[in-house]
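See below for the structure under consideration.
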Amino acid sequence: MDKVLIQGGTSLEGTVRVSGAKNASLLMLAAVLLTDEPCILRNVPNLRDVHFFISLLQGLGVEVELLSPNIWRIQAKKIHANPPYDLVRQMRASVCLMGPLLGRLGQAALPLPGGCVIGNRPIDLHLHGLKKLGCTVELKNGIVHIHAQQLKGNHIFLGGRFGSTVTGTANILMAATLSSGITRIENTACEPEIVDLCHLLTCMGARIEGIGSPQLTIYGQQKLHGADHTLIGDRIEAGTFLIASLVTNGHLIIDQFHTQHLRALLHVLENSGAKMNITANQIEVFPCLNQLTPFEITTLPYPGFPTDLQAQMCVLAACIPDLSLLTERVYPQRFMHVAELQRLGVRITLEGSTAIVQGGQRLSGADVMASDLRASAALYLAGLIARGETQVHRIYHLDRGYENFEQKLQALGAKLYRTAE
Ligand code: EPU
């Protein structure tokens, strides 16, 4: 196991190119199962989660080839419906194999995902939607067995206690592309990764109306074909670097992603006094830490404030004198970073699903433990501004979702290196 050592106190400077979107890539690696023809996916980030998903596909009989860094050729010519359980169990996102397997083979069997460090993550909405498409669902020994003689289009409402579901929307959408008839899904997730998935599916011959809106209409097809698709940039990685620039009072240019995907973050930062120059695909962030004022955010499904940036925003709040409030409405228990940030000197307390941060204190380096992907990123950011040395343990979480994070930070002047525990 590796850890990272961070020497705090450097302002980041330079240009960083954002990698392809992790969460779009996982959905698309599942979508290629919908055709027996080859698909080319470009701008796929080189991440632990991606390699893991590729192994899952290989376990289903899919042929994969890395054509060049970040470009995969994938062909699901002959596949079966039982992904290797020991792999599936290790990765939550494998749940999005369900829709494509049902569309293609009429059956799927996957272990029911258990709890997760960021909170309870049920799949009731996925199963509700699949039942509406004509599937039967049976839980035996912890494994969900789903069958469909023939998927049939239907009218489906896909909302739950916490709003829409990203992978749930992807599952129902993908299954519906190979159903008979018309499917109308209401309250779909509108996340850019879902929009990008719709674009790939359209390239594969799917007919989808309402892309980008909370109501999708899918005209089922008998067959989809191969496609060549370039993934969008990772908005969460971009947002993480934006926050890194602000907390280190740095001067970064963050390049090659759709800045409109970060509207909610940019709105909060502009109101807080951040100095930025924003174009369609690039943001320049100027040193302005001393001018920032406290903020309040509430995480919500897109276009609301992304839960995947809540932990990083706790670090920004710690740099701004006075009280900031961060409320979690997507994963009400996603606050594993709080205790670790306290170790670094952040004055942060939890009231229900709200983190209250009294900012303005000087942080000092400490040993901290990464608990999940975004919490890890937050700890790196805190380490960059803490006095002295911070050691972040269990950084394998970070490798799941940030391509070359340390190399990118080093190129911007950060003093950090990875070493074995
Ligand atoms: N929910 C239900 N029932 C369901 C599905 C979801 O109650 O059947 C609840 C969840 O418990 C949660 C909320 O609905 O409270 C939203 O969950 P959603 O299904 O949208 O999350 P997800 O699809 O499992 C994806 C991303 C997450 C990201 C969330 C929210 C992927 C692979 N994962 O998860 O990404 O936080 O959407 O935007 O796309 C990350 O990248 O670090 C990460 C965790």
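Here are the numbers for the structure shown:
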{"read-out": "Scope the stretch 250-261; condition surrounded by fewer than 24 Cβ atoms within 10 Å (Cβ to Cβ) and over 9 Å from V285 (Cα atoms); matching residues", "value": "D255, Q256, H258, T259, Q260"}
{"read-out": "Filter result for the condition that a residue is surrounded by fewer than 23 Cβ atoms within 10 Å (Cβ to Cβ) and in contact with a Phe, Trp or Tyr (Cβ under 6 Å, 6 or more places away or on another chain), over L416, L350, L325", "value": "L350"}
{"read-out": "Within the stretch 371-421, tally of residues that are farther than 21 Å from A21 by Cβ and charged (D, E, K, R)", "value": "6"}
{"read-out": "Count of the stretch 159-211 residues which are within 16 Å of the ligand (Cβ to nearest atom) and assigned to a strand (DSSP E or B)", "value": "4"}
{"read-out": "S19 being within 16 Å of the ligand (Cβ to nearest atom) and either within 27 Å of A386 (Cα to Cα) or hydroxyl-bearing (S, T, Y) (or both)", "value": "yes"}
{"read-out": "Verdict on I146 being within 18 Å of L97 (Cβ to Cβ) and in contact (Cβ under 8 Å) with a residue 24 or more places away in the chain", "value": "yes"}
{"read-out": "Selected residue [within 16 Å of the ligand (Cβ to nearest atom), at pLDDT 95 or above and surrounded by fewer than 23 Cβ atoms within 10 Å (Cβ to Cβ)] from H155, H128", "value": "H128"}
{"read-out": "Residue count for the stretch 296-332, restricted to those that are aliphatic (A, V, I, L, M) and within 11 Å of the ligand (Cβ to nearest atom)", "value": "4"}
{"read-out": "Sole residue being under 30 Å from G383 (Cβ atoms) and touching a Gly at 6+ places or on another chain (Cβ under 7 Å), chosen from T10, T35", "value": "T10"}
{"read-out": "Residue selected from the stretch 79-114 under the condition β-branched (V, I, T) and within 16 Å of the ligand (Cβ to nearest atom), by the criterion modelled with the highest pLDDT", "value": "V95"}
{"read-out": "Unmet requirement for V137, which otherwise passes all of (1) more than 12 Å from the ligand (Cβ to nearest atom); (2) closer than 15 Å to L29 by Cα", "value": "(2)"}
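The values are calculated or read from the model by the stated rules, or taken from the named source; none is laboratory data. Note that the structure is predicted; figures quoted are calculated from it, not measured. Neighbour counts run over all protein chains shown; Cβ positions are idealised from the backbone, glycine included.
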